[in-house]
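Colleague: Quick one: this structure, given as structure tokens, is what I'll be asking you about.
The values are calculated or read from the model by the stated rules, or taken from the named source; none is laboratory data. A quick note: this is a predicted structure, and the numbers were derived from the prediction, not measured. Every residue, glycine as well, gets a Cβ built from its backbone with ideal geometry; the counts of neighbours run over all protein chains shown. Just the protein is used for accessible areas: all its heavy atoms, side chains included, with ligands, DNA and RNA removed. Shrake-Rupley method; radii C 1.70, N 1.55, O 1.52, S 1.80 Å.
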Amino acid sequence: MVSEIAEKSGHRIVAAGTHPFSRWQEQEITEKDRYRSLVADLQYVARRLLIFGMHIHVGIPDRELRIDTMNQISYFMPHVLALSSSSPFWMGDNTGLKSYRSIVFSELPRTGIPDRFDSAAEYDHFIQTMIKTGCMDEPTKIWWDVRPHPRFPTLELRICDCITEIDEVVAIVALVRAVAAKLIRLRRENQSWRYYGRDLVAENKWRAIKDGLDGNLVDFGKEEEVPLRFLIEELLDIVDDVVDPLGVREEIEYIRVMLERGSSADRQLRTYDETGDLKAVVDRLAEETVTGL
């Protein structure tokens, strides 16, 4: 519907983490109190946020279970980011990174991989301390890669670049849902995914930002580098027993197609290598954005 409305006035919509050559200095900021407040608070950092992400909400009504799932699922955030990577260009430059959006967003406070919390009460105390001390005025200004949403009974994953093709969107959402379901099953069986500190996971996030699906992540259990594509295949095996109960086998199988053809960032870079023209990159993005609708 949005695409059809845009076309009536000679415009096309694009889904990506950054526009390949648009300049943030030339963009208008939406006239809303929240955005005016963010600019007043964050200044230059807020003004240059010409970036676009996709948030995934996983419904988990039990607050304790929501916190526990956040602790566990943080380990897999780099895997999800690599699959979603769609921002290799920034203001006309090839950044050499697959998700430059992640770099721009990291300039904000309270971003990145979250700390571990032992309970919902501990998390609530953290939020209350941040508000009481004037660090923030309300809890939506926690901008971690994954967080318990303050208003909805959901765990919100915020790490993804805006994903270009609808089939990729559905596949990644199916994978996230399956990972959450697997971790909840482990919890109910008095097990859990081994916790690794945020600094270790952040190292893998940096690798995903830089190299996307072509890179290696560190398997901290084995203490060795492993190709990311292998780890994604391994993850598909790990969640296989929950895929059919969730009814997402067909959707999740598209992850394997993505491993073969690359992410949106990979396709943007190939188009630029072939044409040397960032406008051609935007044209391809516009075409892919409505593919399969």
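Colleague: In segment 87-123, what residues are free of Cβ contacts under 8 Å to residues at least 60 places away in the same chain and of a type in the set (S, T, N, Q)?
Modeller: T95, S106, T111, S119
Colleague: Working only within segment 23-72, note down all residues that are of a type in the set (S, T, N, Q) and more than 18 Å from V104 (Cβ to Cβ).
Modeller: S37, T69, N71, Q72
Colleague: Sticking with this structure for a sec: Being touching a Gly at 6+ places or on another chain (Cβ under 9 Å) and either free of Cβ contacts under 8 Å to residues at least 24 places away in the same chain or among the aliphatic types (A, V, I, L, M) (or both) narrows it down to one of I163, I172, I142, so name that one.
Modeller: Going through I163, I172, I142 in turn, the sole match is I163.
Colleague: Turning to a different aspect of this structure: Scan segment 191-201 for residues that are buried (at least 17 other Cβ atoms within 10 Å of the Cβ) and not in a helix (DSSP H, G or I) and jot them down.
Modeller: Result: W193, Y196.
Colleague: Any chance segment 270-277 includes a residue that's part of a helix (DSSP H, G or I) and either closer than 23 Å to D68 by Cβ or open to solvent by less than 70 Å² (accessible area, probe 1.4 Å) (or both)?
Modeller: The answer is yes, given that some residue of segment 270-277 is part of a helix (DSSP H, G or I) and either closer than 23 Å to D68 by Cβ or open to solvent by less than 70 Å² (accessible area, probe 1.4 Å) (or both).
Colleague: Return the pair list, or none, for Cβ contacts closer than 8 Å from residues in segment 62-73 that are hydroxyl-bearing (S, T, Y) to residues that are part of a helix (DSSP H, G or I) and surrounded by fewer than 21 Cβ atoms within 10 Å (Cβ to Cβ), at least 6 apart or on different chains.
Modeller: Between residues of segment 62-73 that are hydroxyl-bearing (S, T, Y) and residues that are part of a helix (DSSP H, G or I) and surrounded by fewer than 21 Cβ atoms within 10 Å (Cβ to Cβ), the close pairs are T69/I184; T69/R187.
Colleague: Looking at segment 185-196, I want the residues that are basic (K, R) and have a partner that is open to solvent by less than 100 Å² (accessible area, probe 1.4 Å) and outside any loop (DSSP other than H, G, I, E, B) with Cβ atoms under 6 Å, at least 6 apart or on another chain. Which pairs are those?
Modeller: R187/D68
Colleague: Let me ask something else. Please indicate, with yes or no, whether at least one residue in segment 202-209 is without any contact (Cβ under 8 Å) to a residue 24 or more places away in the chain and either closer than 30 Å to S3 by Cβ or open to solvent by 70 Å² or more (accessible area, probe 1.4 Å) (or both).
Modeller: There is at least one residue in segment 202-209 that is without any contact (Cβ under 8 Å) to a residue 24 or more places away in the chain and either closer than 30 Å to S3 by Cβ or open to solvent by 70 Å² or more (accessible area, probe 1.4 Å) (or both).
Colleague: Ok, one more. Any residue in segment 279-293 that is outside any helix (DSSP H, G or I) sitting within a Cβ distance under 7 Å of a residue that is not aromatic (F, W, Y)? List the pairs, counting only those 6 or more apart or interchain.
Modeller: V290/S3; T291/E165; G292/E165; G292/I166; G292/D167; L293/I166
Colleague: Can L186 be described as farther than 19 Å from P78 by Cα and either in a strand (DSSP E or B) or under 20 Å from the mean Cα position of the chain (by Cα) (or both)?
Modeller: Taking the combined requirement at face value, the residue does not satisfy it.
Colleague: Mind checking which residues of segment 4-21 are in contact (Cβ under 8 Å) with a residue 40 or more places away in the chain and either surrounded by fewer than 14 Cβ atoms within 10 Å (Cβ to Cβ) or in contact with a Ser or Thr (Cβ under 6 Å, 6 or more places away or on another chain) (or both)?
Modeller: Matches in segment 4-21: I13, V14, A15, A16, G17, T18.
Colleague: Within segment 146-186, which residues are open to solvent by 10 Å² or more (accessible area, probe 1.4 Å), acidic (D, E) and touching a strand residue (DSSP E or B) at 6+ places or on another chain (Cβ under 9 Å)?
Modeller: none
Colleague: Can I ask one more? Looking only at segment 186-208, count how many residues are of a type in the set (K, R) and at pLDDT 95 or above.
Modeller: Number of matching residues: 2.
Colleague: Take segment 22-58 and flag every residue that is open to solvent by less than 80 Å² (accessible area, probe 1.4 Å), closer than 26 Å to A265 by Cβ and assigned to a loop (DSSP other than H, G, I, E, B).
Modeller: Residues satisfying the conditions are S22, R48, L49, L50, I51.
Colleague: From the list R249, R256, R229, pick out the single residue that is open to solvent by 50 Å² or more (accessible area, probe 1.4 Å), touching a residue at least 12 places away in the same chain (Cβ under 8 Å) and touching a helix residue (DSSP H, G or I) at 6+ places or on another chain (Cβ under 6 Å).
Modeller: Checking each option against the conditions leaves just R229.
This table checks each residue for (1) charged (D, E, K, R); (2) in a loop (DSSP other than H, G, I, E, B); (3) more than 30 Å from V39 (Cβ to Cβ); (4) open to solvent by 10 Å² or more (accessible area, probe 1.4 Å).
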{"site": "R66", "(1), (2), (3), (4)": "yes, no, yes, yes"}
{"site": "T69", "(1), (2), (3), (4)": "no, no, yes, no"}
{"site": "I73", "(1), (2), (3), (4)": "no, no, yes, no"}
{"site": "A82", "(1), (2), (3), (4)": "no, no, yes, no"}
{"site": "G96", "(1), (2), (3), (4)": "no, yes, no, yes"}
{"site": "V104", "(1), (2), (3), (4)": "no, no, no, no"}
{"site": "D115", "(1), (2), (3), (4)": "yes, yes, no, yes"}
{"site": "A121", "(1), (2), (3), (4)": "no, no, yes, yes"}
{"site": "Q128", "(1), (2), (3), (4)": "no, no, no, yes"}
